[in-house]
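S.K.: Attaching a single structure in structure tokens format; questions to follow.
The values are calculated or read from the model by the stated rules, or taken from the named source; none is laboratory data. Quick caveat: nothing in here was measured; it's all calculated off a predicted structure. Glycine gets a Cβ as well: all are built from the backbone with ideal geometry, and neighbour counts include every protein chain shown. Heads up: the accessible areas ignore ligands, DNA and RNA and are worked out on the full protein's heavy atoms, side chains in. Shrake-Rupley method; radii C 1.70, N 1.55, O 1.52, S 1.80 Å.
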Amino acid sequence: MAKRLIPSLNRVLVEKIVPPSKTNAGILLPEKTTKLNSGKVVAVGPGSRDSDGKLIPVSVKEGDSVLLPEYGGTTVKLADKEYHLYRDEDILGTLHD
């Protein structure tokens, strides 16, 4: 369902990653350790235009894991899933294994 929404301009559609609340052994983790502002990029817009009309592409691509700001973004609900729209410049960075 999220593939139907194509963000406009330099917007990025992100699905936040929900970390597990307990370990494989069954130990419950405190809420503070489970909070990481990261997500997976689901869709990206084409990019914005500069003053000369040239296209400035978005710096992330679909499938990237990104670090998100604590606040901001627009919440979007599609088919019982919650997504967030961010501007390209609001994304703090990409996460690599």
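S.K.: Out of the residues in the stretch 16-34 that are open to solvent by 60 Å² or more (accessible area, probe 1.4 Å) and within 15 Å of the chain's Cα centre (by Cα), which is modelled with the highest pLDDT? Quick ask: steps written out before the conclusion?
M.R.: Taking the stretch 16-34 as the starting set, the residues that turn out to be open to solvent by 60 Å² or more (accessible area, probe 1.4 Å) are 16-18, 20-22, 24-25, 27-33.
After this cut, where a residue has to be within 15 Å of the chain's Cα centre (by Cα) as well, the list is 16-18.
Details: Lys16: 87, Ile17: 81, Val18: 73.
Only one residue tops the list, namely Lys16.
S.K.: Would you please list the contacts, defined by Cβ atoms under 6 Å and residues six or more apart or on different chains, that run from a residue in the stretch 84-97 that is of a type in the set (Phe, Trp, Tyr) to a residue that is open to solvent by 30 Å² or more (accessible area, probe 1.4 Å)?
M.R.: Going by the 6 Å Cβ cut-off, the qualifying pairs are Tyr86/Gly73.
S.K.: Report, by residue number, each residue of the stretch 43-97 that is of a type in the set (S, T, N, Q) and closer than 14 Å to Ile17 by Cα. Walk me through it before giving the result.
M.R.: Going residue by residue through the stretch 43-97, those that are of a type in the set (S, T, N, Q) are 48, 51, 59, 65, 74-75, 94.
Across the stretch 43-97, the qualifying residues are Ser65, Thr94.
S.K.: Quick check on my filter: what residues within the stretch 1-15 are in contact with a strand residue (DSSP E or B) (Cβ under 9 Å, 6 or more places away or on another chain) and modelled with pLDDT of 75 or more?
M.R.: Arg4, Leu5, Ile6, Pro7, Leu9, Asn10, Arg11, Val12, Leu13, Val14, Glu15
S.K.: Within the set of pairs 6+ apart or on separate chains, which have a first residue in the stretch 38-50 that is within 8 Å of Ser8 (Cα to Cα) and in a loop (DSSP other than H, G, I, E, B), a second that is of a type outside the set (A, V, I, L, M) and open to solvent by 20 Å² or more (accessible area, probe 1.4 Å), and C-beta atoms under 7 Å apart?
M.R.: That search, which allows pairs on different chains as well, returns Gly45/Ser8; Gly45/Asn10; Gly45/Arg11; Gly47/Asn10; Gly47/Pro57.
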